[in-house]
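Working notes for the structure below.
The values are calculated or read from the model by the stated rules, or taken from the named source; none is laboratory data. The model shown is predicted, which means the values in this text are computed figures rather than measured ones. Cβ coordinates were reconstructed from backbone atoms using ideal geometry, including for glycine residues, and neighbour counts include every protein chain displayed. Heavy atoms of the whole protein, side chains included, go into the accessibility calculation; ligands, DNA and RNA do not. Shrake-Rupley method; radii C 1.70, N 1.55, O 1.52, S 1.80 Å.
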Amino acid sequence: MKTFACVTTFNESYYNDIAHAMIKTYKKFWPKNINLYAYTENFSLPVNALASNVKQYDIHEKCDPNLQNILDWRGNHFTRGFLYKTYSIIHAAKNIKEDVLIYLDADSITYNHITETFLESLLPSNALASYMGVTMLKGNKEENAETCIFLLDKTHAGFQNFMNHYEDIYESRDIGDKNRFSKPHDTWAFTEC
């Protein structure tokens, strides 16, 4: 059986708006042996949010200078916030020991008990990744909006190539190429990899 770890990121404002509910339902419904690594942006979680399976990482402590450099490059662009997601994933892929990473957007609320059997069913044994995408309509065309929940199998033979390519898209600043990426954020980088 593979081991799992979850990753999310948020700032204090988003924690106060919705991420507190995500953590509360995570603690209630997820297996106690599956850690949630919360990469926080310039604040500390309240003590009551932490648990044996809820760990806090300061995203700047873990991901700078690369994160800060790309934030400076991006400036006030509307996709700036997605960079925290990207760099938490990059850090987790390199540093978290579990076999499968599950990214959960901070507004993901759990309503029922999650089992490891259920999680295994989401990622077939021969698959590198699976995701629940959000699709929006733009005129008559469906357009992918984001990867709000996805799984990555770190034991898959293609994992390192995937992550190297994913990180390079950001480090090279290719994510800003409008001819290559419809929108400069993680969904388009994820699907290219």
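Worth a mention:
- Loop trypsin sites (Lys or Arg not before Pro), the stretch 1-43, which have at most 11 other Cβ atoms in a 10 Å radius of their Cβ (DSSP): Lys32
- Distance between the modelled labels on Gln68 and Arg180, one decimal in nanometres: 2.6 nm (7 Å Cα→Cβ projection).
- Here each label is just a point 7 Å from Cα along the line to Cβ, and for Ser52 and Thr115 those points are 2.1 nm apart.
- Coil-residue chymotrypsin sites (Phe, Trp or Tyr not before Pro) of the stretch 87-193, DSSP, other Cβ within 10 Å capped at 12: Tyr111
- Rounded percent of accessible protein surface that carbon and sulfur make up, the chain, 1.4 Å probe: 49
- In the context of the full set of protein chains, the stretch 11-125 has a per residue accessible area of 50 Å² (1.4 Å probe).
- Loop-located chymotrypsin sites (Phe, Trp or Tyr not before Pro) in the stretch 15-83 (DSSP state other than H, G, I, E, B) with a sparse environment of at most 14 neighbouring Cβ atoms within 10 Å: Phe43, Phe78.
- Kirkwood hydrodynamic radius (C-alpha pairs) into Stokes-Einstein, the stretch 74-185, 25 °C and 0.890 mPa s, D in µm²/s: 156
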